[in-house]
Number of protein chains: 2
Amino acid sequence: MATPEIEAKLAPLRAAVKEYGDLIRDLKAKGAPKIDIDKAVVELKARKRLLEDTEIALAPKEASFDRLKLEDLLKRRFFYDQSFAIYGGVTGLYDFGPMGCSLKANMLQEWRKHFILEEGMLEVDCTSLTPEPVLKASGHVDRFADWMVKDMKNGECFRADHLIKNSIEKLLNDKKTSAAVKQDGQDVLARLEGFDNKDMHEVITRFNFKSPITGNDLTEPIAFNLMFPTQIGPTGDFKAFLRPETAQGIFVNFKRLLEFNQGKLPFAAAQIGLGFRNEISPRQGLIRVREFTMCEIEHFVDPEDKSLAKFAKVADQKLVLFSACNQLDGAPAQEVAIGEAVAKKTVANETLGYYMARCHQFLMKVGIDGRRLRFRQHLSNEMAHYAQDCWDAEILTSYGWIECVGNADRACYDLQQHYKATNVKLVAEKKLPEPVDVNFVEAQANMALLGKSFKKDAKKIQTSLQQLTSEQVSALEEELLAKKLYNLSVDGQNYALTPEHLNIKKYTKKIHVQEITPSVIEPSYGIGRIMYALLEHSFRQREGDEQRTFLAFKPLVAPIKCSVLPISANDTLIPVMDAVKEELSRFEMSYKVDDSSGTIGRRYARTDEIGIPFGITVDFDSLKTTPFTVTIRHAETMSQIRLEVSELGRLISDLVAGRQQWSDAQAKYPKFEASATE
Amino acid sequence: MATPEIEAKLAPLRAAVKEYGDLIRDLKAKGAPKIDIDKAVVELKARKRLLEDTEIALAPKEASFDRLKLEDLLKRRFFYDQSFAIYGGVTGLYDFGPMGCSLKANMLQEWRKHFILEEGMLEVDCTSLTPEPVLKASGHVDRFADWMVKDMKNGECFRADHLIKNSIEKLLNDKKTSAAVKQDGQDVLARLEGFDNKDMHEVITRFNFKSPITGNDLTEPIAFNLMFPTQIGPTGDFKAFLRPETAQGIFVNFKRLLEFNQGKLPFAAAQIGLGFRNEISPRQGLIRVREFTMCEIEHFVDPEDKSLAKFAKVADQKLVLFSACNQLDGAPAQEVAIGEAVAKKTVANETLGYYMARCHQFLMKVGIDGRRLRFRQHLSNEMAHYAQDCWDAEILTSYGWIECVGNADRACYDLQQHYKATNVKLVAEKKLPEPVDVNFVEAQANMALLGKSFKKDAKKIQTSLQQLTSEQVSALEEELLAKKLYNLSVDGQNYALTPEHLNIKKYTKKIHVQEITPSVIEPSYGIGRIMYALLEHSFRQREGDEQRTFLAFKPLVAPIKCSVLPISANDTLIPVMDAVKEELSRFEMSYKVDDSSGTIGRRYARTDEIGIPFGITVDFDSLKTTPFTVTIRHAETMSQIRLEVSELGRLISDLVAGRQQWSDAQAKYPKFEASATE
């Protein structure tokens, strides 16, 4: 938390935010026109951003983090690097090398354990290839887009907001720019996040921005859909996309999953897999990429009861919450017990709160720094129109606060959309406390006449009529009786129905169960982003020797668990080396042998650099006993113990899984004293 | 192996194959025209196929395998099912449900352990999106295609060989078809596998085959590329494909991987990931799909020395080999020690032999039936032109012998292709026994004059000149001197070079290392196919009760490791249930609680059906001791032992990993005697 000196500097900025937060609340209370609220929100965001940038700038820096040094290490030891570099590379695509690959696999395995196994979730594995109608229903075909501008002459494309940002930054760095223009530019920068296409067009025109490459004029901002298009099969007319998220695969399997769960709510399904987004001009390394691994959970729950029995287990857990209210007030994020936040309705319900607490636990387990983690609530205008509440887990990196996990209550939007598109009911049955008589009103299509009037659209009209609720049918009947005409709207088209087109059927039925469309709580994890944040948070420099950098990974996620270092190249040590390797393999503990001729100290420096938590030294004392003994060095504390090779695999696997702590091992095994032979 | 009765029936078919095998050897020895050899090969394949079909038909059937029953189980318990079924489904795309997902994840984890961890391979994780030039260099843009025919009127597409097969089968089932036509049809069926587009066109024309849907005429067979096309970025002119294999990602990272391995050969890199093939009309369930998980290894080795020290460890291992020689002789596959097969040069080298042995071990570990596994060598005309030897691991299923793993020696084709395309040297350095003086001859481009003569192609010509070997430059020089003209061919285009266009530079250099392009041994695993074969091999019916089917998985791959069954719904058992669940989670052992009211026997039947190997029963005796005790039932032997809850996790994880056998556990813990309370 900030010092009093820093808070004093932030106070006027906090007040400036609060001024607009209050204004917006006031406008909303008065029912002011949307355009006025929107304008005030743009200003609010600008002030919030200034506050946040200042906060970050004033915060005490992590000792001496140097992004270039980290990037050099990641490239040199092949954690990851640009894809197809020998072909010139592709922006936004990265290949993971042995270290990155293993780190990622370990994070995914822990995710699977922490969520799927411990919570008893139903895992699915669906295809990346997704037919167009599925993504039409989910809204992605129409709305999953960014604004771009094109060079009028050569057609080169730029993401509109990036172009504005870069062009203004160039202006700001130009000595010839007048103070007034600089002020204007800074003002635009602060507001840019809230701009729509018209705002951006206005800025580009006013500043007379051109293509930074050719100097040519630019088009108005146009929407570019971020999905990768393809076709399935040879005809070319089966349009498909690469999925932009894994969630839709779960929704379209809802019926099978509900059945697998014997028809009972609540249950959670999860998926680990690839997502694809055709970013216009990706930058910022692993943070904005075109192909990425994500982990998504869809927790299906009765919309009228989002309580969760196991919430009690996490209720006392404290999280740093940056609520919408705090954001409007210009107040800092606050540490709050999640039970209290749910009780006060800051967080909408227990299920959502539970996943936020579990999210926090997961991020701590893999090694994210808790002081650089917060949960930020979406402001009402940031959320998708169907979402009821949304909290992003944001992690502070050298790029600022990065959204790494979304925790959203999506209500029943997706299941309803797929029902509308397919006419397959995606509902669960809820037992009523006692049976009730319900009056049904149904509109039954007269297909012969509908076919005559509307030809091939008749089927669509029938489906739409079937999907009407009893209330809607009653309204339709009333209008039909009054005007002898009813305009039915299907997919934006109007069909003039007359009384002959349908029969209204009314009946009463005793109902034991009620059909409900479940609500969905969706935690969605971007693994690449978490991994990048983890790399920043784990990066250290040795005190007194800043050239010696290393990665302090938790054993759980460390790409390689052990180094195995023979003290000498003498052949007599080979049987010990073989025994160690076999023992480690038996427990699936990865290891790296370094039998080069460097000193043990230099060799340990090399293994520290890639974050190997345990070092096993094989020396001539190893041979003195049957069975052989070896030394384990704990990289974090630099302390060592000695034990038999046959105990090695179990101990290290327990240490990695967290079933034992290093201090337990130290208590159990003799502390190692360097022998005379070394 | 076949009985004498069966062998007697097969003998004439074997002789018929051998007749053509001998003919082909003879033709090759005489240097006969390629067309004559090709014709003989088509006949050979037809005879081989008849032999194999008869062998399978005569072999004793697996008790009573019923594919429909298996498919029903897989669908009902959601192992996998068709993707997007509520949208009508997409052929060739499957979604894995909780059971299939876990089975697949366990197979992949074992693959990672068996290969990457135990062999110290370098794992990479590259993108599915692949730019066109990469796949142009690898040959996929030009050659990765199937033949299809189109309906002349509506454009509907059919895979040509499938259309011929189906049309002939229809003819054969038609009583009105004459005996002569039937004979002709059967003849075509037998030869179909070897047909090219002209052969297929001839058959379609001769039999007058039409579209099976509309009866319309069909086009000539045209090549359809099986890669899914897309574009990267917004301009639409950055063409890309979804990768058809993961291998290319490894090749383009060769330099980084070699560096990671400190410049030393041999080393192996591996990748687990998705592959995509836009099949024209996929059938046969998981065996032919459009999106699939594959595991590939590229073992880079000195082309002049493919021996492998650790080969000694597997030399005595016996494999069922179906060599090219046996295939030409009409002889059956033979069980041979891999050491003997390499010594006799049946298998080309130790490295390839080693991977075949390890492949066999992996398939056994996950539960493939060894009696239904063979390694079939490609005939020389089946192999890609660059491959030196190739052995497919084929598994016998109800669809016949299915290729599940390819083990190929690809020589240095891929690295050379990427070098040609990028001019980035993909070589390793090999230390010479002693330094040698080498004469170099280089052709240095005169860029000014080349630019004048060939404009923008000058750069391409320069690159091509740089890539010439010393021998090639000497030949060029000779021709230039003689004719004052040299026609250089680059990418199929000719450039007339005159002496002014280049300088020939000659020099001598002392060389300590030699640059070599490594050869590549590539084992490539289709996980979906292996999984399908495994499901068939694991499917059982209870003796005496054929309605009760179950899956006999090995604990290692079983989707769920334990069932947890409380003997009663009494609340007093809850603390024991909680203790059991926590203990299992601590060791990452998946479990399924069945607290329904059925009898224990009926509940076990349900868990047997999905292949759960261990059942934990919580009863009232559990409460009698502190700590609690429970019973474990071993599904395979139906035997039970009793132990404390705190010992449960470790025991089951040891049983799953194969560190302990059930018989060890039986010796250690008391045999369970049903208590009076049950």
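The values are calculated or read from the model by the stated rules, or taken from the named source; none is laboratory data. Small disclaimer: the values here were computed from a predicted structure and weren't measured. All Cβ positions, even for glycine, are placed from backbone atoms using ideal geometry, and neighbour counts span all protein chains on display. Ligands, DNA and RNA are excluded from the accessible area calculation, which covers all protein heavy atoms including side chains. Shrake-Rupley method; radii C 1.70, N 1.55, O 1.52, S 1.80 Å.
Here are a few things to note about the model shown:
- Only one of the numbered conditions (1) outside the structural domain of A:Leu108 (by TED's automatic domain parsing); (2) part of a helix (DSSP H, G or I); (3) not basic (Lys, Arg) is violated by A:Ile530, and that is (1).
Table: residues versus (1) within 25 Å of B:Phe115 (Cβ to Cβ); (2) acidic (Asp, Glu).
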{"position": "B:Glu335", "(1), (2)": "yes, yes"}
{"position": "B:Ala384", "(1), (2)": "yes, no"}
{"position": "B:Trp391", "(1), (2)": "yes, no"}
{"position": "B:Tyr399", "(1), (2)": "no, no"}
{"position": "B:Ile402", "(1), (2)": "yes, no"}
{"position": "B:Ala411", "(1), (2)": "yes, no"}
{"position": "B:Leu415", "(1), (2)": "yes, no"}
{"position": "B:Ala428", "(1), (2)": "yes, no"}
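- Any hit, segment B:307-326, residues being under 16 Å from the mean Cα position of the chain (by Cα), β-branched (Val, Ile, Thr) and at pLDDT 95 or above: no
Each row is one residue, and each column tells you yes or no for (1) under 30 Å from B:Asp369 (Cβ atoms); (2) in contact (Cβ under 8 Å) with a residue 24 or more places away in the chain; (3) open to solvent by 70 Å² or more (accessible area, probe 1.4 Å).
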position	(1), (2), (3)
B:Gly21	yes, yes, no
B:Arg25	no, yes, yes
B:Lys39	no, no, yes
B:Glu43	no, yes, no
B:Leu50	yes, yes, yes
B:Leu58	yes, yes, no
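One line per residue, one yes/no per condition, for (1) assigned to a helix (DSSP H, G or I); (2) away from every other protein chain (no Cβ under 14 Å); (3) touching a Ser or Thr at 6+ places or on another chain (Cβ under 7 Å); (4) buried (at least 21 other Cβ atoms within 10 Å of the Cβ):
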residue: A:Glu588; (1), (2), (3), (4): no, no, no, no
residue: A:Arg602; (1), (2), (3), (4): yes, yes, no, no
residue: A:Ala605; (1), (2), (3), (4): yes, yes, no, no
residue: A:Gly615; (1), (2), (3), (4): no, yes, yes, yes
residue: A:Leu623; (1), (2), (3), (4): yes, yes, yes, no
residue: A:Arg659; (1), (2), (3), (4): no, no, no, no
residue: A:Asp664; (1), (2), (3), (4): yes, yes, no, no
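- Residues (within 23 Å of B:Gly330 (Cβ to Cβ) and of a type in the set (Gly, Ala, Ser)) located in segment B:376-404: B:Ser380, B:Ala393, B:Gly400
- Residues that are surrounded by 15 or more Cβ atoms within 10 Å (Cβ to Cβ), of a type in the set (A, V, I, L, M) and in a loop (DSSP other than H, G, I, E, B) within segment A:213-231 comprise A:Leu226, A:Met227, listed in sequence order.
- Considering segment A:82-96, the residues that are more than 7 Å from chain B (Cβ to nearest Cβ) and among the hydroxyl-bearing types (Ser, Thr, Tyr) include one that is nearest to A:Glu536 (Cα to Cα), namely A:Tyr94.
- Residues located in segment A:550-586, provided they are part of a loop (DSSP other than H, G, I, E, B) and either more than 13 Å from every other protein chain (Cβ to nearest Cβ) or at pLDDT below 90 (or both): A:Ala552, A:Phe553, A:Lys554, A:Pro555, A:Val557, A:Ala558, A:Ile567, A:Ser568, A:Ala569, A:Asn570
- Members of segment A:208-245 that are closer than 30 Å to B:Phe158 by Cβ and either of a type in the set (Phe, Trp, Tyr) or more than 10 Å from every other protein chain (Cβ to nearest Cβ) (or both): A:Phe228, A:Phe238, A:Lys239, A:Phe241, A:Arg243
- Residue match in segment B:266-283 (condition: within 11 Å of chain A (Cβ to nearest Cβ), farther than 26 Å from B:Asn197 by Cα and of a type in the set (Phe, Trp, Tyr)): yes
- Residue match in segment B:502-511 (condition: touching a helix residue (DSSP H, G or I) at 6+ places or on another chain (Cβ under 7 Å), surrounded by 14 or more Cβ atoms within 10 Å (Cβ to Cβ) and closer than 30 Å to B:Pro266 by Cα): no
- Selection from segment A:368-406 of residues that are open to solvent by 40 Å² or more (accessible area, probe 1.4 Å), under 30 Å from A:Ala558 (Cβ atoms) and out of contact with any helix residue (DSSP H, G or I) (no Cβ under 8 Å at 6 or more places or on another chain): A:Arg371
- Residues of segment B:69-81 include none that is outside any strand (DSSP E or B), under 30 Å from A:Tyr591 (Cα atoms) and either out of contact with any strand residue (DSSP E or B) (no Cβ under 7 Å at 6 or more places or on another chain) or within 14 Å of chain A (Cβ to nearest Cβ) (or both).
- If you go through segment B:104-116 and pick out every residue that is closer than 13 Å to A:Ala105 by Cα and of a type outside the set (Gly, Ala, Ser), you end up with 5.
- There is at least one residue in segment B:189-207 that is open to solvent by 20 Å² or more (accessible area, probe 1.4 Å), outside any helix (DSSP H, G or I) and away from chain A (no Cβ under 13 Å).
- For segment B:232-271, a tally of residues being open to solvent by 20 Å² or more (accessible area, probe 1.4 Å), within 20 Å of A:Val289 (Cα to Cα) and either modelled with pLDDT under 95 or of a type in the set (A, V, I, L, M) (or both) returns 5.
- Selected residue (criterion: farthest from the other protein chains (Cβ to nearest Cβ)) from residues of segment A:116-175 that are of a type in the set (Asp, Glu), under 30 Å from B:Asp578 (Cα atoms) and surrounded by fewer than 21 Cβ atoms within 10 Å (Cβ to Cβ): A:Glu119
- Of all residues making up segment B:442-459, the number that are crowded, with 17+ Cβ neighbours inside 10 Å and within 44 Å of the chain's Cα centre (by Cα): 2
- Residues in segment B:407-438 that are assigned to a strand (DSSP E or B) and either buried (at least 19 other Cβ atoms within 10 Å of the Cβ) or free of Cβ contacts under 8 Å to residues at least 24 places away in the same chain (or both): B:Asn407, B:Ala408, B:Asp409, B:Ala428, B:Pro433, B:Glu434.
- Members of segment B:521-559 found to be of a type in the set (A, V, I, L, M) and open to solvent by less than 20 Å² (accessible area, probe 1.4 Å), listed by number: B:Ile521, B:Ile527, B:Ile530, B:Met531, B:Ala533, B:Leu534, B:Leu535, B:Leu551, B:Val557, B:Ala558
- Just one of the numbered conditions (1) modelled with pLDDT of 95 or more; (2) at the interface with chain A (Cβ under 7 Å from one of its Cβ atoms) is not true of B:Leu108: (2).
- Enumerated strands (runs of 3 or more DSSP E) restricted to segment A:238-310, each holding at least 2 residues that are touching a Ser or Thr at 6+ places or on another chain (Cβ under 6 Å), in contact (Cβ under 8 Å) with a residue 60 or more places away in the chain and closer than 20 Å to A:Arg143 by Cα: A:239-242
- Residues that are surrounded by 16 or more Cβ atoms within 10 Å (Cβ to Cβ) and either modelled with pLDDT of 90 or more or among the charged types (D, E, K, R) (or both) within segment B:474-485 comprise just one, B:Glu477.
- Within the option set B:Tyr419, B:Tyr399, B:Tyr386, B:Tyr355, being in contact with a strand residue (DSSP E or B) (Cβ under 8 Å, 6 or more places away or on another chain) and among the hydroxyl-bearing types (Ser, Thr, Tyr) holds for one residue only, B:Tyr355.
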